[in-house]
Amino acid sequence: MNFQAFLQVIQSQTIEVQCDPQDTSCFAYDASNLESLPGAVVFPKDTQEVSTILEAANRFGVPVTPRGAGTSLAGGTIGIAGGVALSLTQMNQIMEIDEENLTAIVQPGVVTHELHQAVERLGLFYPPDPGSMKMSTIGGNISVNAGGPHCFKYGVTKDYILGLEIVLANGRVIRFGGKNIKNVSGLDLGSLFIGSEGTLGVVTEATLRLIPLPETQRTILAVYNNLDEAARTVSDIVRNKIVPATLELMDQESMCLIERVRPANLPLDAAAAILIAVDGPTAQVEKDMKLVETICLHNGAREVRLARDDEEQEKLWEGRRSANGAMSQNCKALVVEDASVPRSKLPEMIRKTKEIADRYQLPCAVLGHSGDGNVHPHLLLQELTNEEWERADKAVDEIFRAALDLGGTLTGEHGIGLVKKKYMNWQFSPDTMDLMRVLKNTLDPNRILNRDIML
Amino acid sequence: MNYEEEANRCRRCGMCQAVCPLYQAERREQFVARGKVRLTKIAEEGRIGLGERAKTTFYNCLDCRACMEVCPAEVNVSRLVKGMRSKIYNQHGDNLLLNVALEHLTPFPKRLELTRKSLKLYQTTGLPSLVRLVPSLKEKEKILPEVPKRSFRTELKARTARSGKKGKVAYYISCTTDILYPQVGKAVLDVLEICGFEVYPLIEGTCCGVPQMGYGHTARAKDMALQNMRAVPEDIEFIVNDCATCGSGLKEYPELFEGTEHEEMAGHFAKRIMDISAFLRQHADIPAGENLGIKVTYHDPCHLSRAQKVKQEPRDIIAHSGGQLIEMKNSGRCCGGAGTFGLTHFDLAQKILRQKVEDIKATGAEAVVTGCPACRMQIAFGLKNYDQELPVYHPVELLAKSLKEHETEK
């Protein structure tokens with residue numbers, strides 16, 4: 001790689017670039033436990049600048065790692081040491097909200113929650129709501145095809161992308177899709193790029209699909225003495241043709257940790273609790289909520305708390321939202337995993353996860369999106385010795401082995417990143433891996449984009 | 001404090017991004033706590049030196065502590081930033097202007113009074129309109145409110161103290177109250193006396209030292225802290241103050257003296273510090289007053305609402321005075337004043353101020369109330385600049401007015 005030549009090209013333009021380690025150090029990490037110091041950070045203002053940067057990087061063989069808010073839990077923004085961090089945070093404009101076509105056109109650096117607020121003011125709804133939505137960017141969401149609690153009912157990021165503008169590794173700009181709801185013209189390139197974790201190109205603009213904002217949302221907290229009853233409840237709700245907006249599961253350890261730090265009046269001796277939110281037209285929601293309550297009790301819920309207004313609803317969610325903080329305060333490092341299994345296998349997956357964590361003597365709290373089978377085991381590390389990290393690594397290996405054995409997948413929404421790359425061979429056959437590599441090498445022959453990520 | 005250990009508690013979740021006013025304006029990681037905590041970590045580990053770029057980063061902080069409120073790991077960002085600034089100052093020193101201001105001016109009330117007099121003279125001559133001809137000073141000049149004829153300390157000499165049945169409280173005189181808003185100090189004395197307290201103004205005290213702590217001049221800050229602590233008689237149970245920033249600074253003296261012989265003394269001092277609104281709500285029987293019936297909105301000063309957890313009390317004081325409170329959106333969002341930040345980072349501070357003015361405007365209030373003179377200066381400046389000339393008051397001013405009007409009626 002000829003880094004100096006690359007830098008000369010960038011510095012001859014008006015592109016903002018920082019090279020001092022006192023600056024680049026602030027772009028060496030994300031929310032994973034990994035780090036790597038970039039040689040430069042660039043802040044393009046528009047598509048043209050992104051194109052210039054990639055063209056030069058490609059010409060001089062300089063590795064590039066795009067990043068938005070840097071909240072990846074999988075090390076998805078950790079680049080090659082001495083390479084270039086491509087920060088897209090300066091491209092943060094919502095260019096248009098089209099109330100007639102129910103679409104929005106945004107730049108990649110728009111923060112997910114800012115988009116939520118902007119469209120909700122107009123009575124519209126952009127459902128994807130990853131846990132980091134107050135910080136994460138749309139560009140990052142597209143790169144990992146992010147989900148969130150809402151995705152059981154509303155689908156994931158992919159379901160809301162109508163069109164993309166992408167800068168390829170050689171600097172060329174391509175556009176496909178647009179405001180058309182029906183559009184089968186050409187190959188479906190969206191499926192190729194969405195979720196590709198920045199390995200195939202850099203998203204510089206997205207046309208998003210919006211839907212009308214549901215009139216009302218109500219929340220129930222149902223408490224159980226065993227996991228199977230909670231899981232049966234979920235299946236029963238679905239069987240009764242109700243599709244809740246969210247079905248969030250907290251296990252006993254999570255609730256105990258939350259209570260210790262920020263008391264939210266959660267039961268400490270219960271095996272699990274689920275937060276069930278139903279949304280839609282007010283009359284329908286009231287009806288559904290009554291039925292949900294009956295189903296919970298029928299399936300053995302020992303207690304059901306119904307939020308009667310927005311304030312009570314907020315209180316119920318407060319506990320769930322403080323889970324991350326509660327865990328952080330009870331450990332020195334947190335390993336957050338993201339396996340996903342078919343919905344029916346969720347109780348088994350949780351039991352296996354706990355059994356594995358116990359065997360490696362690691363405290364483990366599990367949160368899950370029980371509607372879609374996505375589990376987030378949180379391993380709480382207390383010593384940070386090499387021996388403890390090794391135990392954590394082995395436990396994670398076994399957790400993924402268990403998830404795959406149950407017909408599950410390595411990641412529901414966080415992405416493969418650097419952290420889970422080694423498991424790719426476990427999930428995919430050599431032929432499948434080959435195809436992915438062929439696609440990668442065709443689009444990025446010099447392997448400058450996220451060289452170490454995923455593949 | 002062991003800075004490295006504190007920095008290592010950061011989980012890099014990035015939640016600080018969602019609330020940091022500077023990050024929201026700039027969207028570069030150096031502006032947010034996570035970036036600063038990282039720099040602290042690697043500087044403490046010896047992986048990097050603290051040069052000009054790091055200095056820029058550590059000074060791009062409002063100390064508004066919004067990050068600390070949401071941080072899951074509860075990292076004390078404020079202390080880390082101040083600690084690093086202190087290390088940078090010890091290594092590189094400061095420029096002449098700052099050195100004069102921090103080492104030779106603000107620590108001495110008499111020199112401050114001279115400054116007030118020269119500012120007053122400056123304002124009464126035609127000079128300001130001349131200064132505004134200088135493009136770089138055109139906007140900045142207007143931040144200075146009209147300088148009063150007499151300082152609070154001067155007015156105090158003419159005032160006869162009343163004795164009170166409810167006991168004696170000390171009153172810490174902030175520099176801004178002293179030389180810019182003596183009417184606030186007067187209101188504090190009036191209200192406390194009406195409530196039956198004897199007030200002991202700490203004339204022997206000096207600036208709280210927050211500017212010195214903020215610029216890393218720790219040794220000077222300690223001298224000033226000692227002077228302030230020694231100014232308080234032993235038999236006094238409470239030391240009230242009317243400046244959010246001074247109050248939080250005074251409460252942080254134990255951190256300043258951590259591990260030294262004065263730590264205990266600082267602890268004893270800090271425990272007695274109370275914001276005036278909080279003191280009145282918790283320890284005073286406030287008599288009924290006139291119903292002022294004014295529509296106001298309240299700005300939560302960072303150093304009151306977050307640093308001292310005083311949120312409800314100023315609102316109660318407003319309600320007691322018959323003020324009709326219309327809450328603004330994000331009342332706890334920093335106004336961008338942040339001590340000298342509003343001047344040293346003028347354009348950035350203006351972006352933040354503009355949002356505050358918009359939020360104020362949306363309430364339709366007739367006046368703004370806030371419990372911090374620095375916020376008051378910044379907000380009044382913003383209102384003036386964006387053609388929303390509303391008066392700005394301290395809650396205790398409303399209360400004094402309400403109580404005194406009631407007394408006259410009787």
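Quick look at the numbers
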| item | result |
| --- | --- |
| Residues (more than 9 Å from chain A (Cβ to nearest Cβ), closer than 21 Å to A:CYS19 by Cβ and either assigned to a loop (DSSP other than H, G, I, E, B) or among the hydrophobic types (A, V, I, L, M, F, W, C) (or both)) located in region B:47-70 | B:PHE58, B:ASN60 |
| Residues of region B:1-20 satisfying the condition of being at the interface with chain A (Cβ under 9 Å from one of its Cβ atoms) and either among the charged types (D, E, K, R) or closer than 30 Å to B:PHE257 by Cβ (or both) | B:ASN8, B:ARG9, B:ARG11, B:ARG12, B:CYS16 |
| Subset of region A:29-46 that is closer than 10 Å to A:LEU88 by Cα and outside any loop (DSSP other than H, G, I, E, B) - its residue that is nearest to the other protein chains (Cβ to nearest Cβ) | A:PHE43 |
| Out of B:ASP275, B:ASP285, B:ASP242, sole residue that is more than 20 Å from the chain's Cα centre (by Cα) and charged (D, E, K, R) | B:ASP285 |
| Meets criteria (more than 14 Å from every other protein chain (Cβ to nearest Cβ) and free of Cβ contacts under 8 Å to residues at least 12 places away in the same chain) for B:LEU130 | yes |
| Residue match in region A:95-110 (condition: over 25 Å from A:GLN48 (Cα atoms), of a type in the set (A, V, I, L, M) and buried (at least 23 other Cβ atoms within 10 Å of the Cβ)) | no |
| Residue in region B:359-404 that is nearest to B:GLU313 (Cα to Cα), counting only those that are of a type in the set (Asp, Glu) and modelled with pLDDT under 95 | B:GLU389 |
| Residue, surrounded by the most Cβ atoms within 10 Å (Cβ to Cβ), within region B:221-242, restricted to residues that are part of a loop (DSSP other than H, G, I, E, B) and touching a strand residue (DSSP E or B) at 6+ places or on another chain (Cβ under 9 Å) | B:ASP242 |
| Scan of region B:21-46 for residues that are in a loop (DSSP other than H, G, I, E, B), more than 8 Å from chain A (Cβ to nearest Cβ) and surrounded by fewer than 24 Cβ atoms within 10 Å (Cβ to Cβ), ordered by number | B:GLU45, B:GLY46 |
| Number of positions in region A:353-386 that are over 16 Å from A:MET250 (Cα atoms), surrounded by fewer than 20 Cβ atoms within 10 Å (Cβ to Cβ) and not hydroxyl-bearing (Ser, Thr, Tyr) | 9 |
| Answer from B:VAL368, B:VAL310 - the residue that is assigned to a loop (DSSP other than H, G, I, E, B), within 20 Å of the chain's Cα centre (by Cα) and closer than 26 Å to B:HIS406 by Cβ | B:VAL310 |
| Tally, over region A:323-339, of residues that are surrounded by fewer than 19 Cβ atoms within 10 Å (Cβ to Cβ) and not in a strand (DSSP E or B) | 3 |
| Complete set of residues in region A:8-28 that are within 14 Å of chain B (Cβ to nearest Cβ) and assigned to a helix (DSSP H, G or I) | A:PRO21, A:GLN22, A:ASP23, A:THR24, A:SER25, A:CYS26, A:PHE27 |
| Conditions (1) closer than 25 Å to A:GLU337 by Cα; (2) surrounded by fewer than 22 Cβ atoms within 10 Å (Cβ to Cβ); (3) of a type in the set (Asp, Glu): number failed by A:ASP431 | (1) |
| Residue pairs meeting the criteria (Cβ under 8 Å; at least 6 apart or on separate chains; first within 11 Å of another protein chain (Cβ to nearest Cβ) and over 19 Å from B:ARG11 (Cα atoms), in region A:70-84; second assigned to a loop (DSSP other than H, G, I, E, B) and among the hydrophobic types (A, V, I, L, M, F, W, C)) | none |
| All positions within region B:291-349 that are β-branched (Val, Ile, Thr), surrounded by 18 or more Cβ atoms within 10 Å (Cβ to Cβ) and out of contact with any Gly (no Cβ under 7 Å at 6 or more places or on another chain) | B:THR297, B:VAL310, B:ILE317, B:ILE318 |
| Residues satisfying the stated conditions in region A:94-117, i.e. more than 11 Å from every other protein chain (Cβ to nearest Cβ) and under 23 Å from B:GLY35 (Cβ atoms) | A:GLN107, A:PRO108 |
| Selected residue (criterion: nearest to B:LYS142 (Cα to Cα)) from residues of region B:380-397 that are crowded, with 24+ Cβ neighbours inside 10 Å and of a type in the set (A, V, I, L, M, F, W, C) | B:PHE381 |
| Subset tally (residues that are farther than 24 Å from B:MET15 by Cα, part of a loop (DSSP other than H, G, I, E, B) and touching a Pro at 6+ places or on another chain (Cβ under 9 Å)) for region A:296-322 | 1 |
| A:HIS150, sole failed condition from (1) at pLDDT below 95; (2) within 11 Å of chain B (Cβ to nearest Cβ) | (2) |
| Unique residue being farther than 30 Å from B:LEU121 by Cβ, of a type in the set (Ser, Thr, Tyr) and surrounded by 16 or more Cβ atoms within 10 Å (Cβ to Cβ) when the list is B:THR206, B:THR177, B:THR218 | B:THR218 |
| Residue within region B:265-272 that is part of a loop (DSSP other than H, G, I, E, B) and surrounded by fewer than 24 Cβ atoms within 10 Å (Cβ to Cβ) present | yes |
| Checking A:VAL375 against (1) in a helix (DSSP H, G or I); (2) within 21 Å of A:ARG321 (Cα to Cα); (3) not hydroxyl-bearing (Ser, Thr, Tyr), the condition it does not meet | (1) |
| Residue in region B:75-97 that is at pLDDT below 90, part of a helix (DSSP H, G or I) and either out of contact with any Leu (no Cβ under 6 Å at 6 or more places or on another chain) or of a type in the set (Gly, Ala, Ser) (or both) present | yes |
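The values are calculated or read from the model by the stated rules, or taken from the named source; none is laboratory data. Fair warning: this is a prediction, and the values are worked out from it, not measured in the lab. Glycine also receives a Cβ, built like all others from the backbone with ideal geometry; neighbour counts cover every protein chain displayed.
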